[in-house]
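Student: Submitted below is the structure of interest, expressed as structure tokens.
The values are calculated or read from the model by the stated rules, or taken from the named source; none is laboratory data. What you see is a predicted model; the values in this text were computed from it and never measured. All Cβ positions, glycine included, derive from the backbone under ideal geometry; neighbour counts span all protein chains shown. Only protein heavy atoms, including side chains, enter the accessible area calculation; ligands, DNA and RNA are left aside. Shrake-Rupley method; radii C 1.70, N 1.55, O 1.52, S 1.80 Å.
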Amino acid sequence: MVRNAKSKKSTNQLLIEQMMTKVATISQDIEKRGQSIFGQGNLLTLDEINDYSLEFLELFVLLLQAGEKVDRRSSEHKALRQFFSNFSQQIQIRGGNLEEFVRFIHFMQDVFLNNLETDSTLDFQQTREILLLLASVFNDIILDVFHVYLAEKERTIQAQQEELKHTSTPITEIWDGVLTLPIIGTLDSSRTMSVMENMLARIEKDRAKVVVIDVTGVQAIDSQVSHHLIQMIRAVGLMGAKAILTGIRPEIARAITSLNIDLSMVSTRATLSEGLKEAFALLSITVLAADVQHH
Amino acid sequence: MTMLQGMHLTPIGDGIILLEPTDGLDPGEPDAYLVPLAGTLQQMRARRLLYDLKNVPVIDTLYYAWLTNLASICRISGIDMVLVNIRPATAYALALTMEDNPPFACALDVNRARNLP
């Protein structure tokens, strides 16, 4: 009799009924597991863990109550996925581990599965449908969490790359009207763009007359890198400033000559200090030691 | 100040003339401007021509060709041509497309251009 009545009910209803009979145990189990994962690393407070557990159960019930079948486009489904996205984002921000978080989601699913085992009133077909329903909902959740994780990682990498761009090419006004630009690493198109943009803006802002571009930190030079360097030097010239290229190591000089790159129009010096001397000479500045000045 | 088609010319002392292009300038028609401009510069006894790019946001190949033509005619007339007030973004874009060194000098502003040797 009971079996007949149950067979007419939808999978969603069956699952709700099952949950309702053991809601206290389910909630307790989830909270306990949450505490052991997130509480130890101080990722979440006890209150937060309890709130998250209750909110999850509420949203899950709302999803099941929304219709006879779970609709992936429904607002309830979106709300549940959004809840997990926010939850995982918070865990990540606080330094949590994706693997632990996914294990926690699996644990939530296991709690429902364990519940199924103890319910002898469900027939095979009903149990199968509930299993499929749980698998579908929790798979979507795990996928969402994974997407959030990847997006967050990508954002972090981009931010680090931006920071690296700025810190790896510091433009310094070393003297009135003299800027230095040490280049470290390789010069690709994207980096050239950002360096040129910053450098030209600084020439205008600081009213620079000379820019010393130091390539001591450039490991290798190919035709593309040298092309970028020439573009940079031309841009400096268009702003009415003079560019001096310094720090061309013997290997780099050899590479430039083998590549038949014409740097004849570029003023070059062996070292940064020689470049600075040249910059001072261009500005008619003489630097003298204090004792020489006295005499 | 002298007005020619598409530009204003202002003598600023010592044979230095400031050229400010107006919106009416069509760089695609250099022949319409070069001869009258060269004549006027000679009348003004110009020694140096400062071409003000303050209001020129983009220098495309057409505009660059116009500047090159003007620089050639200045050189033949014994006049130095100096570009002034180029915007950083304009310089940046131009440097990416240039294949050779420009045939004119550049200065950050009019004062710097006046003091060029």
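Student: Consider residue A:163 carefully, then state whether it is of a type outside the set (Phe, Trp, Tyr), more than 14 Å from chain B (Cβ to nearest Cβ) and without any contact (Cβ under 8 Å) to a residue 12 or more places away in the chain.
Tutor: Here the answer is yes, as residue A:163 does meet what is asked.
Student: Checking residue A:91 against (1) in a helix (DSSP H, G or I); (2) over 15 Å from residue A:138 (Cβ atoms); (3) open to solvent by 20 Å² or more (accessible area, probe 1.4 Å), only one condition comes out false. Which one?
Tutor: In the conditions (1) in a helix (DSSP H, G or I); (2) over 15 Å from residue A:138 (Cβ atoms); (3) open to solvent by 20 Å² or more (accessible area, probe 1.4 Å), residue A:91 misses (3) alone.
Student: What tally of residues in region B:91-117 results from selecting those that are at the interface with chain A (Cβ under 7 Å from one of its Cβ atoms) and of a type in the set (Lys, Arg)?
Tutor: 1
Student: Can you confirm whether region A:100-115 contains a residue that is open to solvent by 30 Å² or more (accessible area, probe 1.4 Å) and polar (S, T, N, Q)?
Tutor: Yes, region A:100-115 contains a residue that is open to solvent by 30 Å² or more (accessible area, probe 1.4 Å) and polar (S, T, N, Q).
Student: To continue, here is another question. Looking only at region A:131-170, count how many residues are assigned to a loop (DSSP other than H, G, I, E, B) and crowded, with 16+ Cβ neighbours inside 10 Å.
Tutor: 1
Student: Looking at the structure I just gave you, is residue A:232 within 13 Å of chain B (Cβ to nearest Cβ), at pLDDT 90 or above and closer than 20 Å to residue A:178 by Cα?
Tutor: no
Student: Just checking, does region A:239-253 include any residue being surrounded by 20 or more Cβ atoms within 10 Å (Cβ to Cβ), out of contact with any helix residue (DSSP H, G or I) (no Cβ under 8 Å at 6 or more places or on another chain) and within 14 Å of chain B (Cβ to nearest Cβ)?
Tutor: No; the residues of region A:239-253 include none that is surrounded by 20 or more Cβ atoms within 10 Å (Cβ to Cβ), out of contact with any helix residue (DSSP H, G or I) (no Cβ under 8 Å at 6 or more places or on another chain) and within 14 Å of chain B (Cβ to nearest Cβ).
Student: Related question: Can you find, within region A:62-84, the residue that is farthest from residue A:26 (Cα to Cα) among those that are open to solvent by 20 Å² or more (accessible area, probe 1.4 Å) and assigned to a helix (DSSP H, G or I)?
Tutor: A:75
Student: Same structure again: Within region B:77-87, is there a residue that is out of contact with any strand residue (DSSP E or B) (no Cβ under 7 Å at 6 or more places or on another chain) and away from every other protein chain (no Cβ under 14 Å)?
Tutor: Looking for residues that are out of contact with any strand residue (DSSP E or B) (no Cβ under 7 Å at 6 or more places or on another chain) and away from every other protein chain (no Cβ under 14 Å), one finds at least one in region B:77-87, hence yes.
Student: Then there is this: Name the residues in region A:59-83 that are touching a Phe, Trp or Tyr at 6+ places or on another chain (Cβ under 8 Å) and either closer than 24 Å to residue A:155 by Cβ or touching a residue at least 40 places away in the same chain (Cβ under 8 Å) (or both), would you?
Tutor: A:80, A:83
Student: Going through region B:33-67 one residue at a time, which ones are surrounded by 20 or more Cβ atoms within 10 Å (Cβ to Cβ), out of contact with any helix residue (DSSP H, G or I) (no Cβ under 7 Å at 6 or more places or on another chain) and either assigned to a helix (DSSP H, G or I) or of a type in the set (Gly, Ala, Ser) (or both)?
Tutor: B:33, B:37, B:41, B:46, B:67
Student: Here's a follow-up. Among the numbered conditions (1) polar (S, T, N, Q); (2) within 30 Å of residue A:188 (Cβ to Cβ); (3) surrounded by 13 or more Cβ atoms within 10 Å (Cβ to Cβ), tell me where residue B:97 comes up short.
Tutor: (3)
Student: Output the residue which, of all residues in region A:206-217 that are surrounded by fewer than 21 Cβ atoms within 10 Å (Cβ to Cβ) and more than 9 Å from every other protein chain (Cβ to nearest Cβ), is modelled with the highest pLDDT.
Tutor: Of everything passing the filter in region A:206-217, A:206 is modelled with the highest pLDDT.
Student: Right, here's the next one. For residue B:72, work out the one condition from (1) under 30 Å from residue A:205 (Cα atoms); (2) open to solvent by 10 Å² or more (accessible area, probe 1.4 Å); (3) at pLDDT 90 or above; (4) not basic (Lys, Arg) it doesn't fulfil.
Tutor: (1)
Student: Same structure again: What pairs can you find where one residue is in region A:254-269 and more than 14 Å from every other protein chain (Cβ to nearest Cβ), the other is open to solvent by 60 Å² or more (accessible area, probe 1.4 Å) and of a type in the set (S, T, N, Q), and their Cβ atoms are less than 6 Å apart, with a gap of 6+ or different chains?
Tutor: Filtered contacts from region A:254-269: A:259/A:223.
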